[in-house]
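Just so it is clear, none of the values below were taken in a lab; they were calculated from the coordinates. Just so it is clear, the model here is predicted, and its values are computed rather than measured. Glycine also receives a Cβ, built like all others from the backbone with ideal geometry; neighbour counts cover every protein chain displayed.
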Amino acid sequence: MAITVPTYVQTALNLLCDSGYEAYAVGGCVRDSLLGRTPDDWDICTSARPEQTQALFAEYHVIPTGIQHGTVTVVLEKPLEITTYRIDGKYSDNRHPESVTFTRNLAEDLSRRDFTVNAMAYNQKIGLVDMFSGAEHLKDGKIVCVGNPDLRFGEDGLRIMRALRFSSVLNFEIDSKTAESVHKNRELLENIAVERIYTELSKLLSGVGAQKIITEYPDVLRVFLPELSHNQTDIERAGRIISKLNQISPDARLSLTALMWVSRIEPQEAFEIMKRLKTDRDSMGLVSQLLSDAKVILPPDTVAIRRFLKNKSREYALSLTAFRTAAELSPDEPEISRIVREVYDRNFCLSLAQLAIGGADLSALGVPKGKAMGDILNALLDRVIDGELQNQKIALTEAVKSMKI
């Protein structure tokens with residue numbers, strides 16, 4: 001089974017192997033290659049110790065990324081992580097091994113990895129090394145832990161979220177023993193940094209299999225999102241909304257909005273939840289604003305919708321209509337979505353920045369700066385939005401002249 005290895009990766013493999021060491025591409029790059037996908041990055045495992053790797057690549061830029069765990073990064077055409085075969089010691093914090101022991105045995109290195117589909121190695125001379133049926137599980141569409149699932153999750157609790165994420169993104173089933181262990185060991189997530197959890201959650205929610213994961217593993221999500229509804233009907237509705245969102249506009253923040261919407265979480269509480277998850281402020285604001293605007297009853301009327309869209313960006317408006325349409329908030333949502341797109345496609349004036357007249361023009365007409373000027377500009381904007389005035393400088397100037405200032 002041949003895999004196309006990029007030239008810079010093959011250069012590194014050749015240098016290691018020609019120097020008497022074993023070396024293989026390993027992990028996700030092998031998995032993705034077998035799936036016919038182009039890997040985002042490549043990793044190498046080798047029998048060479050870190051100091052030996054550094055010496056071999058002395059003419060390149062070498063970064064001791066995680067040298068205590070056997071990893072150095074060599075910058076060839078792209079940065080390439082090269083890690084010594086190792087055996088992990090005890091995991092006392094359910095995340096990192098207290099110690100590592102370097103080994104010259106590839107089997108020992110592969111046996112410490114999380115899932116069988118990630119425990120395959122490859123080089124052109126030997127071919128595929130698959131000791132745990134990873135290729136078979138790829139063909140069958142299964143996520144299976146390497147060895148005992150309880151041990152794998154006990155070593156690193158984040159693997160619980162990784163199992164869900166891989167299942168969602170690859171649209172694979174989770175093996176029954178692995179799934180049982182995910183439910184059983186879910187509380188281990190309490191020991192994991194929330195930002196690491198959110199990273200996995202974001203990828204999970206944008207996956208093609210997100211609906212199935214949401215509906216089958218809400219107990220896992222409640223470990224870090226205890227506000228999530230305990231009503232399975234709500235969870236199933238969230239799953240359907242998320243599935244539709246991923247067809248319209250895949251965005252983990254919209255999917256999170258769906259989870260909070262079915263759980264009847266108020267906008268301010270949602271803001272605090274997003275803050276607890278250590279998301280960026282834009283995401284905090286987006287989710288809370290979406291929940292607020294989703295409550296607004298909108299008729300399929302152009303003027304009413306333009307009023308609603310005042311000062312809203314195109315990007316936000318399209319996110320909102322995607323959510324409202326996926327959630328089927330009313331039978332009119334498809335028509336509302338059409339009108340919203342038409343408003344922005346025609347570049348209709350919805351903000352003072354788009355108004356064809358500004359503060360300098362009003363000053364020239366004798367309008368003093370301050371509240372009066374702001375009130376006049378906003379009044380003009382409202383009349384433009386309502387269709388009473390054309391957004392043209394002459395028409396707006398005449399309207400100002402007719403006002404009692």
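Once the cut-off is 16 Å, how many percent of the Cα-Cα pairs in region 153-219 end up in the long-distance tail?
Pairs farther apart than 16 Å: 40 percent.
Please find the FRET efficiency linking residue 310 to residue 276, where r is the Cβ-Cβ separation and R0 is fixed at 51 Å, and quote it to the nearest 0.05.
0.95
Round to the nearest 0.05 the FRET efficiency obtained for residue 177 and residue 222 when R0 = 35 Å and r is the Cβ-Cβ distance. Write out the running numbers ahead of the final one.
Details: r = 22 Å, r/R0 = 0.64.
Here the calculated transfer efficiency is 0.95.
Share of Cα-Cα pairs in the chain beyond 33 Å, in percent?
Details: 40875 of 81810 pairs.
Result for the distance tail: 50 percent.
Just to confirm the filter: which trypsin sites (Lys or Arg not before Pro) across region 324-405 are DSSP coil and have at most 12 other Cβ within 10 angstrom of their Cβ?
Those that pass, being in a loop and sparsely packed, are 346, 369, 404.
May I ask you to order 248-257, 312-321, 350-359 by the average number of other C-beta atoms within 10 Å around their residues, highest value first?
In decreasing order of mean packing, 248-257, 312-321, 350-359 become 248-257, 312-321, 350-359.
Counting pairs of alpha carbon atoms under 8 Å apart in space and at least six apart in sequence, what relative contact order in percent does region 301-405 give?
Averaging sequence separation for qualifying contacts and normalising by length gives 29 percent for region 301-405.
For region 1-140, I need the span (max minus min coordinate) of the C-alpha atoms along each principal axis, in Å, sorted largest to smallest.
Taking the Cα atoms of region 1-140, the three principal extents are 41, 40, 26 Å.
Can you compute the charge dipole magnitude of the chain about its Cα centre, using +1 on each Lys and Arg Cβ and -1 on each Asp and Glu Cβ, nothing else charged? Give it in debye, rounded to the nearest 20.
It works out to roughly 980 debye.
So how far apart, in nm, are the two label points at residue 101 and residue 51 if each is 7 Å from Cα heading toward Cβ?
Going from the residue 101 label point to the residue 51 one covers 2.0 nm.
Relative contact order of region 1-140, please, whole-number percent, based on alpha carbon pairs below 8 angstrom and at least 6 residues apart.
Answer for region 1-140 is 23 percent.
So what is the orientation-averaged projected area of region 289-396, using the convex hull of its C-alpha atoms, in nm²?
Approximately 7.2 nm², given one-decimal rounding.
What FRET efficiency comes out for the pair residue 390/residue 232, r = Cβ-Cβ distance, R0 = 41 Å, nearest 0.05?
About 0.15, to the nearest 0.05.
What does the charge add up to near residue 214, with Lys and Arg as +1, Asp and Glu as -1, over the other residues with Cβ less than 12 Å from its Cβ?
Residues close to residue 214 contribute a combined charge of 0.
Taking just the alpha-carbon atoms of region 204-305, what radius of gyration and Dmax come out, in angstrom?
13.8, 45
Evaluate the relative contact order of the chain (contact order divided by residue number), counting alpha-carbon pairs under 8 angstrom at least 6 apart; express in whole percent.
This gives 8 percent for the chain.
For region 302-345, report the convex hull volume of the alpha-carbon atoms normalised per residue, in Å³, without decimals.
Details: hull volume 2.7 nm³, N = 44.
So the per-residue Cα hull volume is 62 Å³.
Mind sorting 8, 24 by how few other Cβ atoms lie within 10 Å of their own Cβ, fewest first?
Exposure proxy ranking, most exposed first: 8, 24.
Please list, short to long, the whole-number percent of alpha-carbon pairs of region 352-401 in consecutive 5 angstrom bins beginning at zero.
4, 24, 38, 24, 8, 1
Listed highest first by mean packing, meaning other Cβ atoms within 10 Å per residue, what order do 298-309, 224-235 come in?
On the way: 298-309: 16.9, 224-235: 15.2.
Ranking the peptides 298-309, 224-235 by packing returns 298-309, 224-235.
Which one of 168, 65, 116 is farthest out on the positive end of the charge dipole of the chain, using unit charges on Cβ (Lys, Arg +1; Asp, Glu -1) and the Cα centre as origin?
168
Where the eigenvalues come from the Cα gyration tensor of region 97-244, what are the semi-axes √(5λ) of the equivalent ellipsoid, largest first, in whole Å?
Gyration-tensor ellipsoid for region 97-244: 29, 18, 12 Å.
In nanometres, what is the gap between the two model label sites at residue 14 and residue 266, each 7 Å from Cα along Cα-to-Cβ?
Calculated label separation equals 6.7 nm.
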